[in-house]
1. How about the range 156-212: which of its residues are β-branched (Val, Ile, Thr), buried (at least 17 other Cβ atoms within 10 Å of the Cβ) and part of a helix (DSSP H, G or I)?
2. If you check every pair at least six apart or on different chains, which have Cβ atoms under 7 Å apart with a residue in the range 113-126 that is farther than 16 Å from ALA97 by Cβ first and a residue that is in a loop (DSSP other than H, G, I, E, B) and among the charged types (D, E, K, R) second?
3. Residues of the range 210-233 being closer than 19 Å to LYS176 by Cβ and at pLDDT 75 or above, which ones?
4. Determine if the range 102-118 includes at least one residue that is in a loop (DSSP other than H, G, I, E, B), farther than 22 Å from TRP167 by Cα and not basic (Lys, Arg).
5. If a residue must be under 23 Å from SER77 (Cβ atoms), surrounded by fewer than 18 Cβ atoms within 10 Å (Cβ to Cβ) and of a type in the set (D, E, K, R), how many such residues does the range 92-134 contain?
6. Does any residue of the range 157-172 turn out to be touching a Leu at 6+ places or on another chain (Cβ under 9 Å), over 26 Å from PRO60 (Cβ atoms) and either among the basic types (Lys, Arg) or in contact (Cβ under 8 Å) with a residue 24 or more places away in the chain (or both)?
7. Could you say whether any residue in the range 145-155 is in contact (Cβ under 8 Å) with a residue 12 or more places away in the chain and assigned to a helix (DSSP H, G or I)?
Amino acid sequence: HTKKKELLELARNLKMAEEQQNSAHINGENIIPPEDVAKFLPKTVEEGGWEKCWEDGVTPWDQGRATPLVVHLVESSSLPLGRALVPGCGGGHDVVAMASPERYVVGLDISESALEKAAETYGSSPKAKYFTFVKEDFFTWRPNELFDLIFDYVVFCAIEPETRPAWAKAMYELLKPDGELITLMYPITDHDGGPPYKVAFSTYEDVLVPVGFKAVSIEENPYSIATRKVYTLTTFCGTYSLSSH
């Protein structure tokens, strides 16, 4: 009976996630609070990984559009030019928003289904020659060219907390010495478990500073989504950003 009750509860949560996500896409924002996501997402990830999440449409982190802060940074010419990387790019919205003749963007993800969706959505974009999608593991992938900019919103909060030092090391190895790491700090709610796992400024600082990063900008995000919180962080010569969503 306990097992049946757990399965029914999981089914209800997944149904709620699907309904809310559809509503979120219609309204242009994700409305599921992270503490609620942390109640049902771990089960799906445990059973089939992130690929299963995309196959089953259990992607409450996907807003169906570019992150509002990214759009603002692009429109205000606040992002570094050159080569940019978006790890955990999912549906590719932020990749395409950042792409331009002066900024070539690589969207990285381990999910084939996510990248298929991104290619289907944006394959015929007028910007198509300014971005690419790559299926690789962020922790082990090392391209020939380093990046001027890395933008991370959902990778840090999605990985097991004990793997965060490896995340910081990968960031350092993928970024040029004068490159800029911008990360939206999310979620800053107080809940147990994950993904998404709760974070704080010290959570980033504890793993980034030891490998050589220096925070040069920490700002509240005025473009945050109602149910989220995010912040901004930086490197020695660059900036890594945290904003409250």
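The values are calculated or read from the model by the stated rules, or taken from the named source; none is laboratory data. Please read these numbers as outputs of a predicted model, since none were measured by experiment. Cβ atoms come from the backbone with ideal geometry, glycine included; neighbour counts cover every protein chain shown.
1. Hits for the range 156-212 are THR203, VAL207.
2. Sorted first by the residue in the range 113-126, then by its partner, the list stays empty.
3. Those that are closer than 19 Å to LYS176 by Cβ and at pLDDT 75 or above: VAL211, GLY212, PHE213, LYS214, ALA215, VAL216, SER217.
4. Yes, because at least one residue in the range 102-118 is in a loop (DSSP other than H, G, I, E, B), farther than 22 Å from TRP167 by Cα and not basic (Lys, Arg).
5. 3
6. yes
7. Yes, the conditions are met somewhere in the range 145-155.
Table: residues versus (1) among the hydroxyl-bearing types (Ser, Thr, Tyr); (2) at pLDDT below 90; (3) part of a helix (DSSP H, G or I).
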residue	(1), (2), (3)
THR44	yes, yes, yes
GLN63	no, yes, no
LEU73	no, no, yes
CYS89	no, no, no
VAL95	no, no, yes
PHE133	no, no, no
